[in-house]
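Please read the structure below before turning to the comments.
The values are calculated or read from the model by the stated rules, or taken from the named source; none is laboratory data. In this text, all values refer to a predicted model and were calculated from it rather than measured experimentally. Glycine gets a Cβ as well: all are built from the backbone with ideal geometry, and neighbour counts include every protein chain shown. Each accessible area value is taken on the protein alone, full model and side chains, heavy atoms only, with ligands, DNA and RNA left out. Shrake-Rupley method; radii C 1.70, N 1.55, O 1.52, S 1.80 Å.
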Amino acid sequence: MEIIRSENLDKIYKDNWVPVQALKNINLTVKKGDYMVIAGPSGSGKTTLLNLLGALDKPTSGKIFFEGADISKKTVKELSGLRLNKLGFIFQAYNLIPVLSAIENIEFSLMLLGKPEALRRKLSLNALRDLGIEELANKRPNEMSGGQQQRVAVARAIVNDPSVVLADEPTANLDTATGSNLLDLMDEMNRSKNITFLFSSHDPQVIERARILIRLRDGQIESVQTK
Amino acid sequence: MTKNLLINLAWRNIWRNKRRSAVVLSSIIVGVAATISMDGLTNGMTYQMLFNQINLGTSHIQIHKTGYTDNRLVKNFIQGELQLKADILRLPGVKAVSERVVTFGLVSSAESSAGIYVYGVDHKAEKRVSAISGLIKEGNYLSGAEREVVVGYELANKLNAGLGNKIILMANDPSGKIHSDVFRISGLFESFSSGFDKSYIFVNSDDLQNMLGLGNSYHELAIIVAEPSLAESLKSEIRSAVGSDFEVKTYRDILPILVMQIDLSRESMWIVNMIIGIALVFGIINVMLMTVIERIREFGVLMAIGFSTGKLFSLILLEALIIGLSGTIIGLVITGLIHIPFSYTGIDFSWFSEGLVSLGVGAVIYPVVSYQTVLLTIIMTPMIAVAGAIYPAIKAIRLQPVAAIRHY
Amino acid sequence: MILKLSFIIFFLNASSLAQTAEEIITKAENAIKGKTAKGFVSMTVKTPDYERTLKMENWWIGNEKALIVIKSPKKEAGNKTLKIGNEMWNYLRNTGTTIKIPPSMMLQSWNGSDFTNDDLVRESNLNEDYFIRLIGSEAVEGNNCWKIELTPKPDAPVVWGKLEYWVSKQEILPVRVNYYDENSKLVRHMLFSENKKFSGRIIPSRWMMINDLKKDHITSFILEDMAFDVVISDNIFSFRELERGD
Ligand SMILES: Nc1ncnc2c1ncn2[C@@H]1O[C@H](COP(=O)(O)OP(=O)(O)O)[C@@H](O)[C@H]1O
Ligand SMILES: [Mg+2]
């Protein structure tokens, strides 16, 4: 089942003195249950692509369909709702709201969704348990390590059962062992719960786990490999 | 993190940077305290001026023969036979009435002389209408004995006359003839107004009526009512009772300049308050802008996970509102704690009282805070705080989530 | 011995003439005022800052009516003061206006002198307002005088606490008057000197009022030509006369 499909995506950043073509003619499809990695050197356009697919930014030309609907036709409010309901985000760093504890960070989007308190608690605790960090529930971000923070970020991204989780270089700020652990957890979730993951990374650990690997170079798709 | 997401989040954000919040909070507290104390002092001062004038003899309502105010002539007297006083005393709300013989005259001693207003009064009735009897610093107020006169210190000094000394009063009778008579100083008073102390003297009405051949006629009926606010309604009641032969005026009509001054100082308070408000707004804009810039990344994450721009806007305003409300409450409590004792003891400004005394205020000012100002402060201050957060909040929601996230 | 002698003389004088203090005062006052009087008087006002002299012509009927016309200096010549009873009017030649002096101006200085308007107007009937008592004899400026004390009656509208009046025994003319306030402070005094003969009557021709509170404030009158007990037409004391230019 198709979740995201892009058609001839172009992204040109014009706010600089020289316009930068960050993406050129990108066509790809993300399907339910995919474990897809967009790889490429720094500056190749990975983040730009992920932001477009995650409805955080708008393409210069081309179209993005989310579950069959053209997202360029949606209002700011609808896009915000889309991110809230259907998408989970994991960024490179600083994912969490500093004034909220781990469990509150996870509960946060459920709260925005208006889920009742008891359900929120249960789902959040489950997510923490799935990631093996129950003991961090009441810790604030500044009391946790980078790896712990990223796990909480994963828990938050998956807690409302999104159609797809977008993770932009999630291991970039972690050491190899911690990064590997985190990737194992997401791998496990993909397999057991059929959660769709879309990564961007140039970390070999990520690339080697990819089941679909898309290589980007200078804003263009260089190759697509399915393992 | 249960009941209200936004309030909770806002509250926690305030505690996040305690020093900054404390700065905003204290500037609001100072603003509240300044607004209310200024109001208290100005009101205290102007009310005191009005109160003093009323007490020194203006009273709440005065009745004269029509034409007297334009032409303060001795011949514009009210016939004693009319028994106006008894009629007016019967009206509900009237507390005291005094008949006064009033004329301009000249007092002289061996050394000097001065033009003055002389009031001939019935000491018993007058004691209930004016406060002069309470301002006697030496000797006694009028007792009804013959040829007594009560004068202010300033005048006594000018005449170089003291207690028991005689002064000669000279004045016109209704036909224009000049009469003079001798009086002995029975008491010396000191009011809050040096101008008053220099130019008013008090004698028994019998003596003045005899001297001027007035019989039992007089010029002025001074009325004290139960509540100053009753003055206006009683005025029209009295007016219809006494008819058009008499002028009925309230202290507002008699002291238009003072009343105007009070209104004016109210208005100027608005300007001062506005300046305080504007200063607060800019202070808050400044601080809120700093917190917004500092949290751009955080806002990016919030927006990425589906926090709407509307909610973000509300969050920032809410943070300002909470600080604004707390500042207002703390400010009110502190001002109250300072103000309440002072409203009983008064604040002694005698270190520059010279000026105040010649203004007719008195050196000790009892602050009077108007509930309007308190109410206005309670409503306006949090609104001002919120107003100061609007621009930073607009800044925050204009951010694209991507740009915000990219902001390392 | 000398003391005893003068005592006897005093007694002789007093008893031989058998005059009461009241009579002495009345005589002295009448001598310098007369029933009617008219004549020329010059007034010199001297203060530390300036000195000026006014010449004027006067008509008096007792203390009841008076008309004073300024003759010089030029600037003020033609200005007039009319007094009838205790009321007073000033005529200003320059503007041709007559102003009634209100009570508030009664105690202002008359033409810059040490006299007030009130001094001119007041019917100072010493007998009526004062208790009069002979208290002794004294030589004043070479004149053998009676010293008489005048204390105001309690209800008399006079500002003074006490007057001391010296009358020469020989001519029965005023020599000096001291004016005290109630605290017995000397406020001003008046000196009469340079006796001259006017229409058969010898009276002091120089009257000097000396202010004892303000140093060097002296007003002196010099009677240049006076006629007493002459017939004066009542018409003189009218507004028509007052406003008639010369
Ligand atoms: N907001 C932006 N404005 C201008 N240029 C940008 C912006 N974001 C990215 N770029 C440029 O677009 C290109 C792709 O960037 P990016 O998508 O961040 O690459 P990657 O994530 O693969 O490192 C780079 O050349 C980068 O400099
Ligand atoms: Mg990137």
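Of B:236, B:180, B:191, which residue is buried (at least 19 other Cβ atoms within 10 Å of the Cβ), away from chain C (no Cβ under 14 Å) and not aliphatic (A, V, I, L, M)?
Details: B:236 fails: buried (at least 19 other Cβ atoms within 10 Å of the Cβ); B:180 fails: away from chain C (no Cβ under 14 Å).
Within the list B:236, B:180, B:191, the selection yields B:191.
Scan (1) of a type in the set (Asp, Glu); (2) within 14 Å of chain B (Cβ to nearest Cβ); (3) under 16 Å from residue A:2 (Cβ atoms) for the single condition residue A:67 breaks and write down its number.
Evaluating residue A:67 over (1) of a type in the set (Asp, Glu); (2) within 14 Å of chain B (Cβ to nearest Cβ); (3) under 16 Å from residue A:2 (Cβ atoms) leaves (2) as the failure.
Considering only the range C:107-126, state which residues are at pLDDT 70 or above, in contact with a strand residue (DSSP E or B) (Cβ under 8 Å, 6 or more places away or on another chain) and on the phi < 0 side of the Ramachandran plot. Give the steps one after another, and end with the answer.
Start the filter on the range C:107-126 by keeping residues that are at pLDDT 70 or above, which leaves C:108-119, C:125-126.
Filter once more, keeping what is in contact with a strand residue (DSSP E or B) (Cβ under 8 Å, 6 or more places away or on another chain): C:108-118, C:126.
The answer is C:108, C:109, C:110, C:113, C:114, C:115, C:116, C:117, C:118, C:126.
Only residues that are surrounded by fewer than 23 Cβ atoms within 10 Å (Cβ to Cβ), more than 18 Å from the chain's Cα centre (by Cα) and more than 13 Å from ligand 2 (Cβ to nearest atom): list them for the range A:26-58, please.
Across the range A:26-58, the qualifying residue is only A:27.
So which of A:208, A:222, A:135 is modelled with pLDDT of 90 or more, open to solvent by 10 Å² or more (accessible area, probe 1.4 Å) and within 16 Å of ligand 1 (Cβ to nearest atom)? So that I can check it myself, show each step before the final result.
On the way: A:208 fails: within 16 Å of ligand 1 (Cβ to nearest atom); A:135 fails: within 16 Å of ligand 1 (Cβ to nearest atom).
Only one candidate qualifies: A:222.
So if I check each of A:79, A:96, A:23, A:84, which one is among the hydrophobic types (A, V, I, L, M, F, W, C), within 16 Å of ligand 1 (Cβ to nearest atom) and open to solvent by less than 60 Å² (accessible area, probe 1.4 Å)? If you could, list the steps in order and put the result at the bottom.
Values: A:79 fails: within 16 Å of ligand 1 (Cβ to nearest atom); A:96 fails: within 16 Å of ligand 1 (Cβ to nearest atom); A:84 fails: within 16 Å of ligand 1 (Cβ to nearest atom).
The match here is A:23.
List pairs: first in the range A:43-62 and farther than 17 Å from residue A:218 by Cα, second more than 9 Å from ligand 2 (Cβ to nearest atom) and among the aromatic types (Phe, Trp, Tyr), Cβ under 9 Å, 6+ apart or cross-chain?
That search, which allows pairs on different chains as well, returns A:53/A:66; A:54/A:89; A:55/A:66; A:56/A:89.
Keeping to the range B:90-109, report how many residues are assigned to a strand (DSSP E or B) and either charged (D, E, K, R) or more than 14 Å from every other protein chain (Cβ to nearest Cβ) (or both). Talk me through it step by step, then tell me what you get.
Our first condition is that a residue be assigned to a strand (DSSP E or B); within the range B:90-109, this holds for B:94-108.
From what's left, either charged (D, E, K, R) or more than 14 Å from every other protein chain (Cβ to nearest Cβ) (or both): B:94-102.
Going through the range B:90-109 one residue at a time, the tally reaches 9.
Looking only at helices (runs of 4 or more DSSP H) that fall completely inside the range B:110-202, which ones have 1 or more residues that are more than 25 Å from the chain's Cα centre (by Cα)? Steps first, please.
Details: elements: B:123-127, B:153-159, B:194-199.
It comes to B:123-127, B:153-159.
Out of the residues in the range A:172-201 that are at pLDDT below 90 and within 15 Å of ligand 2 (Cβ to nearest atom), state the one that is nearest to the chain's Cα centre (by Cα).
A:172
Does residue B:107 qualify as being surrounded by 17 or more Cβ atoms within 10 Å (Cβ to Cβ), within 14 Å of residue B:57 (Cβ to Cβ) and touching a helix residue (DSSP H, G or I) at 6+ places or on another chain (Cβ under 9 Å)? Working first, answer last.
Numbers: surrounded by 17 or more Cβ atoms within 10 Å (Cβ to Cβ): yes; within 14 Å of residue B:57 (Cβ to Cβ): no; touching a helix residue (DSSP H, G or I) at 6+ places or on another chain (Cβ under 9 Å): yes.
For residue B:107, the condition - surrounded by 17 or more Cβ atoms within 10 Å (Cβ to Cβ), within 14 Å of residue B:57 (Cβ to Cβ) and touching a helix residue (DSSP H, G or I) at 6+ places or on another chain (Cβ under 9 Å) - is not met.
When you go through (1) within 12 Å of ligand 1 (Cβ to nearest atom); (2) within 23 Å of residue A:225 (Cβ to Cβ); (3) more than 14 Å from chain B (Cβ to nearest Cβ) one by one for residue A:52, which number turns out not to apply?
For residue A:52, the exception is condition (3).
Scan the range C:79-90 for residues that are under 15 Å from residue C:243 (Cβ atoms) and open to solvent by 20 Å² or more (accessible area, probe 1.4 Å) and jot them down.
Of everything in the range C:79-90, those that are under 15 Å from residue C:243 (Cβ atoms) and open to solvent by 20 Å² or more (accessible area, probe 1.4 Å) turn out to be C:79, C:84, C:89, C:90.
I'd like the full set of residues that are among the aromatic types (Phe, Trp, Tyr) and either facing chain A (nearest Cβ under 8 Å) or without any contact (Cβ under 8 Å) to a residue 24 or more places away in the chain (or both), limited to the range B:298-321. Break it down stepwise before answering.
Residues of the range B:298-321 among the aromatic types (Phe, Trp, Tyr): B:299, B:307, B:313.
Within the range B:298-321, B:307 is the sole residue that qualifies.
Within the range B:72-90, can you find the residues that are within 11 Å of residue B:223 (Cα to Cα) and either aliphatic (A, V, I, L, M) or open to solvent by less than 20 Å² (accessible area, probe 1.4 Å) (or both)? I'd like the intermediate steps shown before the answer.
To start, the set of residues in the range B:72-90 that are within 11 Å of residue B:223 (Cα to Cα) comprises B:85, B:88-89.
Selection gives B:88, B:89.
When you scan the range A:77-97, do you find a residue that is modelled with pLDDT of 90 or more, within 16 Å of ligand 2 (Cβ to nearest atom) and of a type in the set (A, V, I, L, M, F, W, C), even just one?
Within the range A:77-97, one or more residues are modelled with pLDDT of 90 or more, within 16 Å of ligand 2 (Cβ to nearest atom) and of a type in the set (A, V, I, L, M, F, W, C).
Would you point out the residue of the range B:147-177, among those that are open to solvent by 10 Å² or more (accessible area, probe 1.4 Å) and under 17 Å from residue B:121 (Cβ atoms), that is farthest from the other protein chains (Cβ to nearest Cβ)? It would help to see each step written out before you state the result.
Of the range B:147-177, the ones open to solvent by 10 Å² or more (accessible area, probe 1.4 Å) are B:147-148, B:153-154, B:157-158, B:160-166, B:172-177.
The next check asks that each one be under 17 Å from residue B:121 (Cβ atoms); those that pass are B:147-148.
Working: B:147: 7, B:148: 13 Å.
Only one residue tops the list, namely B:148.
Considering only residues that are open to solvent by less than 30 Å² (accessible area, probe 1.4 Å) and more than 16 Å from ligand 2 (Cβ to nearest atom), which ones fall in the range A:154-171? Walk me through it before giving the result.
Let us first name the residues in the range A:154-171 that are open to solvent by less than 30 Å² (accessible area, probe 1.4 Å), namely A:154-160, A:162-171.
Listed by number, the residues that qualify are A:154, A:155, A:156, A:157, A:158, A:159, A:160, A:162, A:163, A:164, A:165.
Open to solvent by 50 Å² or more (accessible area, probe 1.4 Å) and more than 17 Å from the chain's Cα centre (by Cα): which single residue out of C:138, C:76 fits that description? Break it down into steps so the answer makes sense when it comes.
Working: C:76 fails: open to solvent by 50 Å² or more (accessible area, probe 1.4 Å).
Result: C:138 is the single residue among C:138, C:76 that is open to solvent by 50 Å² or more (accessible area, probe 1.4 Å) and more than 17 Å from the chain's Cα centre (by Cα).
Tell me yes or no: at least one residue of the range A:1-8 is within 14 Å of chain B (Cβ to nearest Cβ), over 20 Å from the mean Cα position of the chain (by Cα) and away from ligand 2 (no atom under 16 Å from the Cβ).
no
For a quick check of your reading of the model, give me the residue pairs whose first member lies in the range A:144-166 and is within 11 Å of chain B (Cβ to nearest Cβ), whose second is open to solvent by 20 Å² or more (accessible area, probe 1.4 Å) and not in a helix (DSSP H, G or I), with beta-carbon atoms closer than 6 Å and at least 6 apart or on different chains.
Hits for this filter: zero, empty list.
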